[in-house]
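The values are calculated or read from the model by the stated rules, or taken from the named source; none is laboratory data. Owing to the predicted nature of the structure, the values given are computational and were not obtained by experimental measurement. Using ideal geometry, Cβ is built from the backbone for each residue, glycine included, and neighbour counts are taken over all protein chains shown.
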Amino acid sequence: MIKRTMRQVADMCITLLIITVVPVSCAEPVTYAAHPEVSEFIDEMVKQHDFDRKSLQAIFNEAVFKEKIIKLMEAPAEAKPWKDYRPILVTEQRAKQGIEFIQEHSVALNRAESIYGVPAEIIVAIIGVETRYGRVTGSNRVIDALTTLAFDYPRRAEYFRKELKEFLMLARDEKVDPLSLKGSYAGAMGYGQFMPSSFRAYAVDFDGDGHKDIWNNPVDAIGSVANYFHEHGWQKNEPVTERALVDGQEYEPFLVKKRSDLTPTRSLADLIAAGFKPQQALAPEQPATAMRFAGAAGDEHWVGLNNFYVITRYNHSALYAMAVYQLSQEIAERI
């Protein structure tokens with residue numbers, strides 16, 4: 001049997017619709033009911049995770065291929081330069097809404113800061129950047145997004161199949177219908193846009209009602225974001241990033257250019273010796289990264305410290321982490 005991706009099937013259907021006068025069945029949504037790799041996936045979930053075969057088959061009979069999800073994956077916002085990326089996320093409105101969120105949920109935020117050591121403004125900035133404080137949490141069914149990416153996005157299929165497994169286990173653990181949950185085009189969910197694996201590892205029942213609800217419960221979302229940062233090594237009362245002055249070109253090889261460069265592997269002293277010096281005095285022995293952003297007024301140079309790296313663990317992008325930090329500072333100045 002020739003294995004075709006759902007994208008190829010959908011393209012074939014469109015062609016048939018163009019060349020035929022009578023509508024054909026391909027006009028219906030393309031589901032994963034008979035996809036051979038889905039059948040193999042179901043076998044694995046039944047054998048390794050004790051799922052009911054009929055229940056899984058019923059779920060995938062409803063899972064629909066989404067071409068738009070593939071297109072969105074190919075054009076992430078992080079591909080923009082800093083001068084265009086920052087104005088999307090660091091805005092006056094988002095800062096004002098952040099203050100409103102803090103005022104409404106001050107008790108939960110103060111408790112999260114006390115337990116996990118993560119400042120309220122950082123927690124709120126994450127939620128603000130991700131979903132505008134719960135206003136925009138995603139309109140895609142998570143099962144459609146993850147199934148499409150798991151079986152029709154070869155470049156990252158392995159990752160999304162793992163997330164699909166985690167999602168099905170999450171739904172079973174939390175006793176929710178997997179067909180009912182919505183999220184981003186990549187399958188991220190709730191106020192803080194947790195991927196299923198992050199939910200299962202870091203989500204907490206912060207209000208003690210017996211449910212981990214990051215979709216409708218901002219208190220659980222606050223605790224879950226704070227726990228995520230704590231578990232990834234956030235250091236209480238330590239700096240995040242600092243502007244830098246540069247001299248010469250020796251620092252160039254140290255600049256963050258790709259995801260793997262985000263991990264601090266050199267000391268701040270090494271960067272200073274290469275001509276990359278923070279404007280404020282910082283402990284020279286600590287790990288640090290050198291970053292350059294194409295700002296509206298020209299190049300900006302920044303030193304990234306441990307807490308900056310922790311933000312990048314939430315989203316593996318220096319631009320994202322800087323936007324979160326700067327939004328947090330806009331919020332903190334107004335508290």
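For Thr312, the criteria (1) in contact (Cβ under 8 Å) with a residue 24 or more places away in the chain; (2) in a strand (DSSP E or B) hold in every case but one, which is (2). Considered as a group, the residues in the stretch 155-174 that are over 17 Å from the mean Cα position of the chain (by Cα) and in contact (Cβ under 8 Å) with a residue 60 or more places away in the chain include one that is surrounded by the fewest Cβ atoms within 10 Å (Cβ to Cβ), and that residue is Arg172.
Summed over the stretch 24-43, residues that are surrounded by fewer than 17 Cβ atoms within 10 Å (Cβ to Cβ), part of a loop (DSSP other than H, G, I, E, B) and modelled with pLDDT of 85 or more total 2. For the stretch 65-89, taking the residues that are under 16 Å from Gly187 (Cβ atoms) and buried (at least 17 other Cβ atoms within 10 Å of the Cβ), the one that is nearest to the chain's Cα centre (by Cα) is identified as Met73. Here the condition is being crowded, with 19+ Cβ neighbours inside 10 Å and either on the phi > 0 side of the Ramachandran plot or under 28 Å from the mean Cα position of the chain (by Cα) (or both); of Ala274, Ala323, Ala332, Ala294, it holds for Ala323 alone. Count of the stretch 207-238 residues, restricted to those that are buried (at least 17 other Cβ atoms within 10 Å of the Cβ) and either within 30 Å of Phe276 (Cα to Cα) or without any contact (Cβ under 8 Å) to a residue 60 or more places away in the chain (or both), is 9.
Mind checking whether some residue in the stretch 229-236 is farther than 30 Å from Glu300 by Cβ, of a type outside the set (Asp, Glu) and in contact with a Gly (Cβ under 6 Å, 6 or more places away or on another chain)? No: the stretch 229-236 contains no residue that is farther than 30 Å from Glu300 by Cβ, of a type outside the set (Asp, Glu) and in contact with a Gly (Cβ under 6 Å, 6 or more places away or on another chain).
Within the stretch 292-309, the residues that satisfy the criterion of being part of a strand (DSSP E or B), in contact (Cβ under 8 Å) with a residue 40 or more places away in the chain and of a type outside the set (Val, Ile, Thr) are Phe293, Ala294, Gly295, Glu300, His301, Trp302, Gly304.
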